[in-house]
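No value in this document is a laboratory result; all are computed from the given coordinates. As the structure is a computational prediction, the values presented were derived from the model and not from experiment. Cβ placement follows ideal geometry from the backbone for every residue including glycine, while neighbour counts extend to all protein chains displayed.
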Amino acid sequence: MSRQRDALRDAMQQAGIPYLEIPELTEHNHPENLMLFGELVHPNKPGHQLMEARLLDFLSRHGMLWDLSVPEISVE
C-alpha cells in the first residue's frame, strides 16, 4: 500500500491536485490504530468520524467549501 500511496501522492502533486492522507488510518500506525477499524481494511464509526473531521478541515483549508459554515467535529 505504501508504494501505491506514494505514487498517488506524487502524481497528484505533479498535477497540482490537493492530496489528503490520514496517517492514523495507514498501516504505519498499526496496531495503535486498531480502534479505528471494524476489520483490517474498512474504518469503523470512529474511523469514519476521523475521516469526516480531516476531510472538512482539508476542504476548508483549500477553499473548497466556499462560504459554507463548517461545524467543529470532535472525534470519539
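Residues considered: MET51, MET64, MET35. Largest GNM mean-square fluctuation over the chain, using C-alpha springs under 10 Å, is found at MET64. Residues whose amide H lies under 5 Å from that of TYR19, counting only those 5 or more places away or on a different chain, are absent; hydrogens are built 1.01 Å from N in the peptide plane.
Modelled spin-label separation between LEU34 and LEU55, with each label point placed 7 Å from Cα along the Cα-to-Cβ direction: 2.7 nm. Estimated from helices alone, the mean residue ellipticity of the chain at 222 nm is -13500 deg cm²/dmol (sum of -39500 (n - 2.57) over DSSP H runs with n ≥ 4, per residue). In loop segments of the chain as defined by DSSP, the chymotrypsin sites (Phe, Trp or Tyr not before Pro) with at most 10 further C-beta atoms inside 10 Å of their C-beta are TRP66.
The residues GLU27, GLU72, when put in order of fewest to most other Cβ atoms within 10 Å, stand as GLU72, GLU27.
Once backbone amide H atoms are built at 1.01 Å from N, PHE37 has ASN44 as its partners under 5 Å, excluding neighbours fewer than 5 places away on the same chain.
Going from the residue with the fewest nearby Cβ atoms within 10 Å to the one with the most, SER2, SER60, SER74 rank SER74, SER2, SER60.
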